[in-house]
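K.L.:
One structure coming up, written as structure tokens, with questions to follow.
Where a number appears in this text, it was derived from the coordinates with a stated rule and is not lab data. Please read all numbers here as calculations on a predicted model, not as lab measurements. Here the Cβ positions follow ideal geometry from the backbone for every residue, glycine too, while neighbour counts run over all protein chains shown.
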Amino acid sequence: MSAGRFFWLGQSIGFRSGESVASALMRAIPADLGADANGSELRYFCGIGACQNCLVVIDGTVIESCLTPAADGQVVAPPGGAND
Amino acid sequence: MTDAGLECDALVVGGGAAGVSAAAALASAGYRVELAEQRAALGGAYHRQPLDAADLRYRPRGVRAWSALMRDLTAAGVTPLCRHVFLGLDQDGLAMLDDRAGRRVVAVRARAIVLAVGAIEKVLPRPGWQMAGVTTAGGLQMLLKETGEVPPGDILIAGSGPLTLALAADLVRVGRPPLVVVEAGDPVARAASALGLAAFPGLLGEAAAHLARLLTSQTRWLRGATVTRIERADGRLVATVTGRRGAVSTLAADLIALHDGIRPNDFGLPAQPGGEPLVVRAGDCREALGIAAASADGRAAAEAVIAALSGAPPSVAPKAIERQRRAQGILKRLFAPVAGREVMAGLPDETIICRCEGRTAGDLRGLLAGADQPGLREIKLNGRFGMGLCQGRFCADNVRAFVAAQRPSNDISTTALSRDRWPLKPVSIASLIADHTPEGQ
């Protein structure tokens, strides 16, 4: 069922084919994703790209994890400090 | 500025029912259409497509309607631009799309733009609502629709409106009934409003099916109650539930899904009535009438565009829209919260109102107590409410309600907190620099 794995703070997260980064993160660690750039708890919230609560950094870009398909070997990081 | 951007007659933004219906109607009328969708697949919120249909342990709603829409779209020859996020219109009237896969911004010159970016959920503030593990009810439903499952742990649903019941029923169907559904209204006691639903057998049937699922799974539906506080203890979320006459209890869960209705996702959208390009809104972002009106509204938007581009007389609004307006009115009365304005006025000072900027009810009280009687514009610029990354999508309504509760005579609009501005979403400088503008610009 796993289409690949990406890395979240050193942790390897499995995902299904076509699955978003947020969805895979929610299955693995639903309530402990650390802090976002403003110090609020990073979280999956609206699921439709509106709330910006699930922003992460992928390939140097701050992006909504709920809109972004996971890719094998991808490094995903919390946005703290990355967009200052 | 290397090669050409895109040129078309109509750019449709949003690949849900309204957008797909508008794009299909425009293309089949002979217009050159581009359809931009922010996700990797069409569907919008209601028709969110499963990763693998074979994994679903239940049949999703609306499968036939969506297949028909997709058939129309394909027959009309429209190939959607997926993972293209609409950023807004630049000063020359070019629509800017962030091509997330190509990592560049694409400029689209269109004679008309149909915005069909759907609805967002309203979520009322309460201490702790900003924590991880708290989602919107729709957000949890998106995970369920896409993967056929929800994250592990006990789920509590709280807020108001039919979507809380739909989510609860879906959770029952996958063997994960919620601990409880906490409903601020009391639809059962509002029999007069409920009678009005008799004119809408589809809605009534859906509601009955949801309630039947709750009953058979013995899921509690606690009406006239609200979750007034969420705290974290021992790695779980603990909800304080305040019921009628102030009865208070606590309940521990792993996930809390909040939902207090829906509203148009119209924050920061360009409005150019009569301007160039013509901008028309369709579906829930025009008026939150739900899936039953979305396709008809998309077609109506397409007809308005065709009328403007061809000089033909505009057609009248379809009956389906007026009908759904009545249905939504009934639902709103049916689910009207038992407790009124005092809820907002009584929020503890530490309650986060604007999560993006970490601004609290106490901060807002302090601002409002100032001698200069700040308007919404000052509340935004000085108080930083609605200034954050979500552009006020999740706090502007609440700030407005909070201010209105303190100054009942002085009604103000939510849009003062979220004016027309772009980019609508964060975009990388690298993508902006790599933009593609139509030739001849």
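K.L.:
Go from 0 up to the bin containing the longest alpha carbon distance in region B:342-407, width 10 Å each, and give me the % of pairs per bin.
P.N.:
Reading upward from the zero bin: 23, 62, 15.
K.L.:
Calculate the length of the line joining the C-alpha centroid of region B:273-323 to that of region B:105-148, in whole Å.
P.N.:
Result: 22 Å between the Cα centres.
K.L.:
Calculate the translational D of the protein assembly as shown in whole µm² s⁻¹ from Stokes-Einstein, where the hydrodynamic radius comes from the Kirkwood formula applied to all Cα pairs, the temperature is 20 °C and the viscosity 1.002 mPa s.
P.N.:
Once the numbers are plugged in, D ends up at 91 µm²/s.
K.L.:
Also, I was wondering about something else. Please state the shape class of region B:289-354: rounded when a/c is under 1.5, otherwise prolate if a/b exceeds b/c and oblate if not, all from the C-alpha gyration tensor.
P.N.:
Because a/c hits 1.5 or more and a/b exceeds b/c, region B:289-354 counts as prolate.
K.L.:
Mind ordering B:366-377, A:8-19 by average Cβ neighbours within 10 Å, highest first?
P.N.:
Answer by packing, highest mean first, reads A:8-19, B:366-377.
K.L.:
Return the average number of partner chain Cβ atoms within 10 angstrom of each residue Cβ along peptide A:34-41.
P.N.:
If you average over the peptide's residues, the count of other-chain Cβ atoms is 4.
K.L.:
What does region B:123-260 give for Rg and for Dmax, in Å, if only its C-alpha atoms count?
P.N.:
Just the Cα atoms of region B:123-260 yield Rg and Dmax of 14.7, 49 Å.
K.L.:
Assign unit charges at the C-beta atoms only (+1 for Lys and Arg, -1 for Asp and Glu), then state the dipole size of chain A relative to its Cα centre in Debye, rounded to the nearest 20.
P.N.:
The calculation lands at about 260 debye.
K.L.:
While we're here: Over what distance in Å are the Cα centres of region A:4-37 and region B:347-404 separated?
P.N.:
For region A:4-37 versus region B:347-404, the Cα centre distance is 32 Å.
K.L.:
Additional query: Helix B:137-147: angle to the longest alpha-carbon principal axis of chain B, degrees 0 to 90, nearest 10?
P.N.:
Tilt relative to chain B: about 60 degrees.
K.L.:
Of all the Cα-Cα pairs you can form in chain B, what percent are over 41 Å apart?
P.N.:
18
K.L.:
Once you measure Cβ to Cβ distances between cysteines in chain B, which Cys have no partner under 4.7 Å?
P.N.:
B:8, B:82, B:285, B:356, B:390
K.L.:
How do the peptides B:137-145, B:347-355 rank, highest first, by the average count of neighbouring beta carbon atoms within 10 Å per residue?
P.N.:
So the order, starting with the most tightly packed, is B:137-145, B:347-355.
K.L.:
Other chains' Cβ within 10 Å of B:142-154 residues: what's the mean?
P.N.:
4
K.L.:
For residue B:186 paired with residue B:198, estimate the spin-label separation in nm (one decimal), with each label point 7 Å from Cα along the Cα-to-Cβ line.
P.N.:
Each label point is offset 7 Å from its Cα along the Cβ direction, giving 2.3 nm.
K.L.:
Taking K and R as +1 and D and E as -1, what net charge do the other residues with C-beta under 10 Å from the C-beta of residue B:354 add up to?
P.N.:
Here the charged neighbours net out to +2.
K.L.:
Considering the dipole of region B:342-407 built from charges on the beta carbon (Lys and Arg +1, Asp and Glu -1) around the Cα centre, which of B:388, B:360, B:343 is farthest to its positive end?
P.N.:
Towards the positive end, the residue furthest out is B:388.
K.L.:
On a 0 to 90° scale, report how tilted helix B:396-406 is relative to the longest principal axis of chain B, with both axes built from alpha carbons and the result rounded to the nearest 10.
P.N.:
50
K.L.:
What are the principal axis extents of the Cα atoms in chain A, in Å, biggest first?
P.N.:
Sorted from largest, the Cα extents of chain A read 35, 24, 20 Å.
K.L.:
Between helix B:63-75 and chain B, what is the angle of the helix's C-alpha long axis to the longest principal axis, kept within 0 to 90° and rounded to the nearest 10?
P.N.:
Tilt relative to chain B: about 10 degrees.
K.L.:
Of the options B:73, B:56, B:246, report the single residue whose Cα projects farthest towards the positive end of the charge dipole of the protein assembly as shown (beta-carbon charges: Lys, Arg +1; Asp, Glu -1).
P.N.:
Looking along the dipole axis, the top candidate is B:246.
K.L.:
Please give the charge dipole size of region B:85-238, origin at the Cα centre, charges +1 on K and R Cβ atoms and -1 on D and E Cβ atoms. Round to the nearest 20 debye.
P.N.:
60
K.L.:
GNM, chain B, Cα, under 10 Å: largest mean-square fluctuation among B:102, B:118, B:246?
P.N.:
For chain B, modelled as a Gaussian network with Cα springs under 10 Å, the answer is B:246.
K.L.:
Which value, in debye to the nearest 20, describes the size of the charge dipole of chain B about its Cα centre when Lys and Arg Cβ atoms bear +1, Asp and Glu Cβ atoms bear -1, and nothing else is charged?
P.N.:
That gives a dipole near 1260 debye.
K.L.:
In angstroms, what radius of gyration and Dmax does region B:28-160 have, counting Cα atoms only?
P.N.:
Gyration radius and largest Cα-Cα distance of region B:28-160: 18.0, 53 Å.
K.L.:
To one decimal place, what orientation-averaged projected area in nm² is obtained for the convex hull of the Cα set of region B:210-335?
P.N.:
Its Cα hull, projected and averaged over all orientations, spans 11.9 nm².
K.L.:
Using a 10 Å cut-off around each Cβ of peptide B:34-40, what is the average number of partner chain Cβ atoms that fall inside?
P.N.:
Averaged over the peptide's residues, the number is 3.
K.L.:
Another question, if that's okay. Between region B:1-65 and region B:171-232, how far is it from one alpha carbon centroid to the other, in angstrom?
P.N.:
Distance between centres, Cα-based: 31 Å.
K.L.:
Can you give the calculated 222 nm mean residue ellipticity of chain B, where each DSSP H run of n ≥ 4 adds -39,500 (n - 2.57) and the sum is split over every residue, rounded to the nearest 500 deg cm²/dmol?
P.N.:
Rounded to the nearest 500, it is -9500 deg cm²/dmol.
K.L.:
Using a/c under 1.5 as the rounded threshold, could you call region B:117-158 rounded, prolate or oblate? The axes a ≥ b ≥ c are square roots of the C-alpha gyration tensor eigenvalues, and prolate needs a/b larger than b/c, oblate otherwise.
P.N.:
Oblate.
K.L.:
Moving to a separate point now. Might you list the cysteines of chain A that have no disulfide-compatible partner by the rule of another cysteine's Cβ under 4.7 Å?
P.N.:
Among the cysteines of chain A, those whose Cβ sits 4.7 Å or more from every other are A:54, A:66.
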